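**Student:** Got a structure for you, written out below as C-alpha coordinates; questions coming shortly.
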Amino acid sequence: AQKVTQAQTEISVVEKEDVTLDCVYETRDTTYYLFWYKQPPSGELVFLIRRNSFDEQNEISGRYSWNFQKSTSSFNFTITASQVVDSAVYFCALNLGNDYKLSFGAGTTVTVRA
Amino acid sequence: ETGVTQSPTHLIKTRGQQVTLRCSSQSGHNTVSWYQQALGQGPQFIFQYYREEENGRGNFPPRFSGLQFPNYSSELNVNALELDDSALYLCASSLEGTGGGYTFGSGTRLTVV
(Lines give C-alpha, C1' and ligand atoms only; values in the text may rest on other atoms or scores of the structure.)
Protein backbone atom coordinates (compact mmCIF):
# COMPACT_ATOMS: atom_id res chain seq x y z
CA ALA A 1 0.00 0.00 0.00
CA GLN A 2 1.10 3.54 -0.55
CA LYS A 3 0.40 6.73 1.33
CA VAL A 4 1.15 10.42 0.92
CA THR A 5 1.13 12.84 3.83
CA GLN A 6 1.05 16.62 3.57
CA ALA A 7 1.23 17.83 7.14
CA GLN A 8 0.68 21.49 6.32
CA THR A 9 -3.00 22.32 5.87
CA GLU A 10 -2.64 26.01 5.08
CA ILE A 11 0.22 28.43 4.43
CA SER A 12 -0.18 32.19 4.12
CA VAL A 13 2.64 34.40 2.89
CA VAL A 14 3.19 37.90 1.60
CA GLU A 15 4.07 38.31 -2.05
CA LYS A 16 7.76 37.71 -2.88
CA GLU A 17 8.29 35.42 0.10
CA ASP A 18 9.40 31.84 -0.56
CA VAL A 19 7.01 28.98 0.18
CA THR A 20 8.09 25.43 0.92
CA LEU A 21 5.53 22.63 0.87
CA ASP A 22 6.29 19.39 2.66
CA CYS A 23 5.43 15.91 1.40
CA VAL A 24 6.22 12.55 2.97
CA TYR A 25 5.39 9.32 1.19
CA GLU A 26 5.24 5.65 2.06
CA THR A 27 5.74 2.74 -0.30
CA ARG A 28 7.58 -0.56 -0.32
CA ASP A 29 8.10 -0.43 -4.05
CA THR A 30 11.48 0.56 -5.43
CA THR A 31 10.06 2.00 -8.63
CA TYR A 32 7.68 4.89 -8.28
CA TYR A 33 6.94 8.41 -9.47
CA LEU A 34 6.28 11.49 -7.38
CA PHE A 35 4.27 14.47 -8.54
CA TRP A 36 3.24 17.92 -7.53
CA TYR A 37 -0.03 19.33 -8.83
CA LYS A 38 -1.61 22.76 -8.40
CA GLN A 39 -5.37 23.18 -8.15
CA PRO A 40 -6.60 26.75 -8.62
CA PRO A 41 -10.20 27.70 -7.77
CA SER A 42 -11.28 26.61 -11.27
CA GLY A 43 -10.79 23.01 -10.12
CA GLU A 44 -8.43 21.71 -12.77
CA LEU A 45 -5.36 19.88 -11.51
CA VAL A 46 -2.33 21.44 -13.16
CA PHE A 47 0.80 19.30 -13.45
CA LEU A 48 3.91 20.96 -12.02
CA ILE A 49 6.69 18.40 -11.65
CA ARG A 50 7.37 14.67 -11.77
CA ARG A 51 10.28 12.73 -10.40
CA ASN A 52 11.05 9.01 -10.59
CA SER A 53 12.51 7.05 -7.74
CA PHE A 54 15.85 6.54 -9.44
CA ASP A 55 16.59 10.20 -9.89
CA GLU A 56 17.27 12.12 -6.70
CA GLN A 57 18.79 15.05 -8.48
CA ASN A 58 17.13 18.20 -7.29
CA GLU A 59 16.41 20.85 -9.85
CA ILE A 60 15.09 24.31 -10.33
CA SER A 61 12.55 25.16 -12.98
CA GLY A 62 11.83 28.84 -13.08
CA ARG A 63 10.43 29.78 -9.66
CA TYR A 64 9.84 26.12 -8.74
CA SER A 65 12.35 23.81 -7.13
CA TRP A 66 12.12 20.49 -5.35
CA ASN A 67 14.07 18.48 -2.84
CA PHE A 68 13.72 14.72 -3.22
CA GLN A 69 15.32 12.65 -0.46
CA LYS A 70 14.72 8.90 -0.50
CA SER A 71 16.45 8.49 2.85
CA THR A 72 13.63 10.41 4.55
CA SER A 73 10.91 9.58 1.98
CA SER A 74 10.33 13.26 1.40
CA PHE A 75 9.58 15.24 -1.74
CA ASN A 76 9.37 18.89 -0.79
CA PHE A 77 8.45 21.67 -3.19
CA THR A 78 9.45 25.33 -3.06
CA ILE A 79 8.01 28.35 -4.80
CA THR A 80 10.54 31.18 -4.87
CA ALA A 81 9.42 34.80 -4.83
CA SER A 82 5.75 33.91 -4.56
CA GLN A 83 3.10 35.78 -6.52
CA VAL A 84 -0.62 36.25 -5.92
CA VAL A 85 -1.31 33.91 -8.88
CA ASP A 86 0.40 31.12 -6.94
CA SER A 87 -2.56 31.04 -4.55
CA ALA A 88 -4.06 27.56 -4.91
CA VAL A 89 -4.22 24.13 -3.32
CA TYR A 90 -1.08 22.09 -3.94
CA PHE A 91 -1.13 18.30 -3.98
CA CYS A 92 1.68 15.83 -3.73
CA ALA A 93 0.97 12.48 -5.38
CA LEU A 94 2.57 9.05 -5.73
CA ASN A 95 2.30 6.57 -8.59
CA LEU A 96 3.87 3.12 -8.47
CA GLY A 97 5.84 2.01 -11.50
CA ASN A 98 3.29 -0.40 -12.92
CA ASP A 99 0.27 0.88 -11.09
CA TYR A 100 -2.65 2.65 -12.60
CA LYS A 101 -3.53 5.24 -10.03
CA LEU A 102 -2.25 8.37 -8.36
CA SER A 103 -2.40 8.45 -4.58
CA PHE A 104 -2.80 12.03 -3.42
CA GLY A 105 -2.07 13.76 -0.18
CA ALA A 106 -4.74 15.90 1.45
CA GLY A 107 -3.34 19.08 -0.08
CA THR A 108 -1.89 22.33 1.23
CA THR A 109 -3.75 25.59 0.65
CA VAL A 110 -1.35 28.39 -0.22
CA THR A 111 -2.52 31.98 0.05
CA VAL A 112 -0.23 34.70 -1.26
CA ARG A 113 -1.21 38.19 -0.12
CA ALA A 114 -0.30 41.29 -2.08
CA GLU B 1 -3.58 19.87 -28.93
CA THR B 2 -6.83 19.90 -26.97
CA GLY B 3 -6.88 19.13 -23.28
CA VAL B 4 -9.32 17.04 -21.27
CA THR B 5 -12.92 18.23 -21.46
CA GLN B 6 -15.58 17.28 -18.93
CA SER B 7 -19.33 17.83 -19.02
CA PRO B 8 -21.41 19.05 -17.40
CA THR B 9 -19.50 21.47 -15.18
CA HIS B 10 -22.14 21.48 -12.47
CA LEU B 11 -24.99 19.14 -11.66
CA ILE B 12 -27.62 18.86 -8.95
CA LYS B 13 -29.33 15.52 -8.38
CA THR B 14 -31.70 14.06 -5.84
CA ARG B 15 -30.76 11.17 -3.58
CA GLY B 16 -31.56 7.84 -5.26
CA GLN B 17 -31.23 9.18 -8.79
CA GLN B 18 -28.66 8.12 -11.37
CA VAL B 19 -26.07 10.38 -13.04
CA THR B 20 -23.75 10.17 -16.04
CA LEU B 21 -20.63 12.31 -16.31
CA ARG B 22 -18.65 12.62 -19.53
CA CYS B 23 -15.00 13.08 -20.38
CA SER B 24 -13.15 13.66 -23.64
CA SER B 25 -9.51 12.62 -23.50
CA GLN B 26 -6.57 14.69 -24.60
CA SER B 27 -5.58 13.96 -28.18
CA GLY B 28 -3.14 11.03 -28.34
CA HIS B 29 -4.06 9.63 -24.93
CA ASN B 30 -5.55 6.12 -24.69
CA THR B 31 -6.18 5.76 -20.95
CA VAL B 32 -8.79 7.48 -18.83
CA SER B 33 -8.98 7.62 -15.04
CA TRP B 34 -11.69 9.00 -12.80
CA TYR B 35 -11.21 10.56 -9.38
CA GLN B 36 -13.61 11.75 -6.70
CA GLN B 37 -12.59 14.79 -4.69
CA ALA B 38 -14.68 15.61 -1.65
CA LEU B 39 -14.52 19.14 -0.31
CA GLY B 40 -11.23 19.85 1.44
CA GLN B 41 -9.68 16.50 0.53
CA GLY B 42 -7.34 15.09 -2.06
CA PRO B 43 -8.69 13.23 -5.09
CA GLN B 44 -9.48 9.56 -4.58
CA PHE B 45 -9.02 7.08 -7.43
CA ILE B 46 -12.25 5.51 -8.67
CA PHE B 47 -11.14 3.48 -11.70
CA GLN B 48 -9.16 3.53 -14.91
CA TYR B 49 -10.07 2.42 -18.42
CA TYR B 50 -7.69 1.24 -21.10
CA ARG B 51 -8.73 -0.21 -24.44
CA GLU B 52 -12.37 0.07 -23.40
CA GLU B 53 -11.92 -2.17 -20.35
CA GLU B 54 -11.60 -1.40 -16.67
CA ASN B 55 -7.91 -1.57 -15.87
CA GLY B 56 -7.98 -0.99 -12.13
CA ARG B 57 -10.40 0.12 -9.45
CA GLY B 58 -10.22 1.94 -6.17
CA ASN B 59 -12.33 1.39 -3.08
CA PHE B 60 -15.68 2.36 -4.56
CA PRO B 61 -18.91 0.31 -4.62
CA PRO B 62 -20.27 -1.30 -7.82
CA ARG B 63 -22.85 1.46 -8.24
CA PHE B 64 -19.92 3.46 -9.63
CA SER B 65 -19.37 2.19 -13.17
CA GLY B 66 -17.80 3.45 -16.33
CA LEU B 67 -17.32 3.11 -20.03
CA GLN B 68 -14.59 3.96 -22.47
CA PHE B 69 -15.41 4.40 -26.13
CA PRO B 70 -13.30 3.65 -29.23
CA ASN B 71 -12.34 7.34 -29.46
CA TYR B 72 -11.03 7.04 -25.87
CA SER B 73 -13.71 9.28 -24.41
CA SER B 74 -15.32 8.00 -21.24
CA GLU B 75 -18.38 8.09 -19.02
CA LEU B 76 -18.75 7.72 -15.29
CA ASN B 77 -22.12 6.44 -14.11
CA VAL B 78 -23.29 6.53 -10.53
CA ASN B 79 -26.51 4.78 -9.54
CA ALA B 80 -28.61 5.22 -6.41
CA LEU B 81 -26.97 8.50 -5.51
CA GLU B 82 -26.22 9.18 -1.87
CA LEU B 83 -25.60 12.49 -0.17
CA ASP B 84 -21.93 11.53 0.32
CA ASP B 85 -21.51 11.29 -3.44
CA SER B 86 -21.49 15.08 -3.53
CA ALA B 87 -18.01 15.95 -4.77
CA LEU B 88 -15.88 17.19 -7.64
CA TYR B 89 -15.37 14.39 -10.15
CA LEU B 90 -12.14 14.67 -12.10
CA CYS B 91 -11.21 12.89 -15.27
CA ALA B 92 -7.58 12.37 -16.25
CA SER B 93 -6.20 11.01 -19.49
CA SER B 94 -2.77 9.58 -20.15
CA LEU B 95 -0.81 7.48 -22.59
CA GLU B 96 -0.37 3.98 -21.22
CA GLY B 97 3.23 3.16 -20.37
CA THR B 98 4.45 6.72 -20.02
CA GLY B 99 4.86 6.69 -16.26
CA GLY B 100 1.96 8.84 -15.29
CA GLY B 101 1.82 11.80 -17.61
CA TYR B 102 -1.73 12.60 -16.56
CA THR B 103 -3.73 15.53 -17.90
CA PHE B 104 -6.74 16.47 -15.79
CA GLY B 105 -9.98 18.13 -16.75
CA SER B 106 -11.65 20.88 -14.74
CA GLY B 107 -14.12 18.43 -13.26
CA THR B 108 -17.84 18.11 -12.73
CA ARG B 109 -19.21 19.45 -9.47
CA LEU B 110 -21.99 17.06 -8.38
CA THR B 111 -24.35 18.03 -5.60
CA VAL B 112 -26.76 15.43 -4.25
CA VAL B 113 -29.69 16.80 -2.27
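The values are calculated or read from the model by the stated rules, or taken from the named source; none is laboratory data. It should be emphasised that the depicted structure is a prediction, and the values quoted were computed from it without experimental measurement. With ideal geometry, Cβ positions are generated from the backbone for all residues, glycine too; neighbour counts draw on all protein chains shown. Accessible surface areas use protein heavy atoms only, side chains included; no ligands, DNA or RNA. Shrake-Rupley method; radii C 1.70, N 1.55, O 1.52, S 1.80 Å.
**Student:** Go through the range A:15-45 and count every residue that is more than 9 Å from chain B (Cβ to nearest Cβ) and either assigned to a loop (DSSP other than H, G, I, E, B) or open to solvent by less than 60 Å² (accessible area, probe 1.4 Å) (or both). Even if it seems obvious, please write down each step before you answer.
**Tutor:** Pass one, the range A:15-45, residues more than 9 Å from chain B (Cβ to nearest Cβ): A:15-32, A:34, A:36, A:38, A:40-41.
Right, trim to either assigned to a loop (DSSP other than H, G, I, E, B) or open to solvent by less than 60 Å² (accessible area, probe 1.4 Å) (or both) and you get A:15-19, A:21-23, A:25, A:27-32, A:34, A:36, A:38, A:40-41.
Summing the residues that are more than 9 Å from chain B (Cβ to nearest Cβ) and either assigned to a loop (DSSP other than H, G, I, E, B) or open to solvent by less than 60 Å² (accessible area, probe 1.4 Å) (or both) in the range A:15-45 gives 20.
**Student:** Another question, if that's okay. Out of the residues in the range B:19-48 that are hydroxyl-bearing (Ser, Thr, Tyr) and open to solvent by 10 Å² or more (accessible area, probe 1.4 Å), state the one that is nearest to B:Arg109 (Cα to Cα). I'd like the intermediate steps shown before the answer.
**Tutor:** Start the filter on the range B:19-48 by keeping residues that are hydroxyl-bearing (Ser, Thr, Tyr), which leaves B:20, B:24-25, B:27, B:31, B:33, B:35.
Subset that is open to solvent by 10 Å² or more (accessible area, probe 1.4 Å): B:20, B:24-25, B:27.
Numbers: B:Thr20: 12, B:Ser24: 16, B:Ser25: 18, B:Ser27: 24 Å.
Looking at residues that are hydroxyl-bearing (Ser, Thr, Tyr) and open to solvent by 10 Å² or more (accessible area, probe 1.4 Å), I get B:Thr20.
**Student:** Which residues, counting only those in the range B:88-113, are assigned to a strand (DSSP E or B) and more than 25 Å from A:Leu34 (Cβ to Cβ)?
**Tutor:** Taking the range B:88-113 and keeping what is assigned to a strand (DSSP E or B), we get B:88-94, B:103-104, B:108-112.
Result: B:Thr108, B:Arg109, B:Leu110, B:Thr111, B:Val112.
**Student:** Can you tell me which condition B:Phe104 does not meet? The list is (1) surrounded by fewer than 17 Cβ atoms within 10 Å (Cβ to Cβ); (2) modelled with pLDDT under 95; (3) not aliphatic (A, V, I, L, M), and all the others hold.
**Tutor:** If we test B:Phe104 against (1) surrounded by fewer than 17 Cβ atoms within 10 Å (Cβ to Cβ); (2) modelled with pLDDT under 95; (3) not aliphatic (A, V, I, L, M), just (1) comes out false.
**Student:** Inside the range A:46-114, counting only strands (runs of 3 or more DSSP E) that do not spill past its ends, which hold 3 or more residues that are touching a residue at least 12 places away in the same chain (Cβ under 8 Å) and crowded, with 20+ Cβ neighbours inside 10 Å?
**Tutor:** A:74-79, A:88-96, A:108-113
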